[in-house]
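What follows draws every value from the coordinates through simple rules; no lab data is involved. Treat the numbers as computed from the prediction; the structure is a model and nothing was measured. Please note: Cβ atoms are built from the backbone with ideal geometry, for glycine as well, and neighbour counts cover all protein chains shown.
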Amino acid sequence: MGLLWGIDLGGTKTECVVLRAGDKEILARKRTATPVEAGYGAILLNIRRLMHTVARENRFPLPQTVGIGTPGTLDRETETLKNSNTTVLNGKPLLKELEDTLDMKVILENDANCFALAESTLGVVRKVLPQAQTVFGVILGTGVGGGMVCDGRVWKGRHGIAGEWGHNPLLENGDACYCGRRGCVETVISGPALERFYRQQSGCRRSLKEIVSLTPTDAAARATLERLVFFLGKALAVVVNILDPDVIILGGGVGNVPALYEQVPAALSAWMFNDRLTTPLLKPALGDSAGVLGAALLQA
Ligand SMILES: [Zn+2]
């Protein structure tokens, strides 16, 4: 029986899944906390321990290959990780040291790419638009990222940053971004950026979920939602004009705002080089599981 092993290495949790190769059914799944405080070496050993536990508990042999998804990307020239918000991993030769620690081949991939791959292969795209060739998976939450899948494969790009629309410039002289630039998409429409905007407008500190629920009665909440719709449309138009994907998936916490599916198509059309937009905006179907499932699918 062929098995596909995947690991989602997140900043707070590390999860392992084992799928049956043929029908991709989940045979085993286990998660642990990521020991970020204990440092880089402990994070690697924790993955090894988790895989050994899953193998032992389910009487599976350890695999020869595992797919691992994590924030950030491996730099082609230096072979070290970059752009990860689990900053302890940045600058480390993660792929090589994972292979040494686990004693197996590792396929390392950005977590947003894993999300896009899982939603394409097992999630909403397979259900709604199985003939889609190009899929753009948006992560819109604490951070803003994304991944691209073309013909069922992750599109990595020359620098490994394909799909990173969250750091495209959006506002001249905008807020400082952790990436060192100003006015990136992420500084305008990430969850924290919208909550900050609402606080400036209203003087009140509220979560985005609360803000959205207040839109019928609260002018500052309406202004925040309008800002999200306007700038999300404008930022996604850049993606559409270049990639023109068959479908866009709106993942991450901000993607849970129902109004986006009604209002963003018009906001996007206004900036698009075409007289109408037919690209479906879809809500993801796999929830929290997309990252780890996508990691397992890397070797499929
Ligand atoms: Zn940035």
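Remarks
- The range 131-284 shape via C-alpha gyration tensor axes, a/c threshold 1.5: prolate
- Here the range 222-300 was treated as a single set of alpha-carbon atoms; its pair distances binned every 10 Å from 0 give 17, 44, 28, 10, 1 percent.
- Rg/Rh for the range 57-163, where both radii come from Cα atoms and Rh is the Kirkwood radius: 1.01
- Among the listed pairs LYS127/LYS234; LYS127/LYS283; LYS30/LYS156; LYS209/LYS283, those with a Cα-Cα distance over 19 Å are LYS127/LYS234; LYS30/LYS156.
- The chain, helix-only ellipticity at 222 nm - DSSP H runs n ≥ 4, -39,500 (n - 2.57), divided by all residues, nearest 500: -11000 deg cm²/dmol
- Exposure proxy order (Cβ contacts within 10 Å, fewest to most) of VAL125, VAL212: VAL212, VAL125
- Close amide H partners of ALA21, meaning residues 5 or more places away or on another chain with modelled amide H under 5 Å apart, are GLY2, LEU3, LEU4.
- Nearest-ten-degree value, helix 219-243 long axis tilted from longest Cα axis of the chain: 60
- Across the range 174-185, computed HN-Hα scalar couplings (Karplus, 6.51 cos²θ - 1.76 cosθ + 1.60, θ = phi - 60°) run x, 5, 5, 10, 5, 6, x, 9, 10, x, 4, 3 Hz from first to last residue, x flagging Gly and Pro.
- For the chain, a simple Cβ point-charge model (Lys and Arg +1, Asp and Glu -1, everything else neutral) yields a dipole of about 420 debye relative to the Cα centre.
- For ILE68, the residues whose modelled amide H falls within less than 5 Å of its own, excluding neighbours fewer than 5 places apart on the same chain, are ILE7, ILE107, LEU108, GLU109.
- Compared with the dominant principal axis of the Cα atoms in the chain, helix 259-269 is inclined by about 70°.
- Rounded tilt (10° steps) of 191-202 against the dominant C-alpha axis of the chain: 30
- Karplus-derived HN-Hα couplings along the range 276-291 (A = 6.51, B = -1.76, C = 1.60, θ = phi - 60°), whole Hz, x at Gly and Pro: 8, 10, 10, 5, x, 9, 10, 7, x, 10, 9, x, 4, 7, 4, x
- Applying the criteria of a DSSP loop state and at most 16 other Cβ atoms within 10 Å to the chymotrypsin sites (Phe, Trp or Tyr not before Pro) of the range 102-192 yields TYR178.
- Cα gyration tensor, the chain - rounded (a/c under 1.5), prolate or oblate: prolate
- The range 113-193: trypsin sites (Lys or Arg not before Pro) in DSSP coil with no more than 16 other Cβ atoms inside 10 Å: ARG158, ARG181
- Net charge, THR279 excluded, C-beta distance under 9 Å - Lys, Arg +1, Asp, Glu -1: -2
- Listed peptides 78-86, 223-231 by packing density, highest first (mean Cβ within 10 Å): 223-231, 78-86
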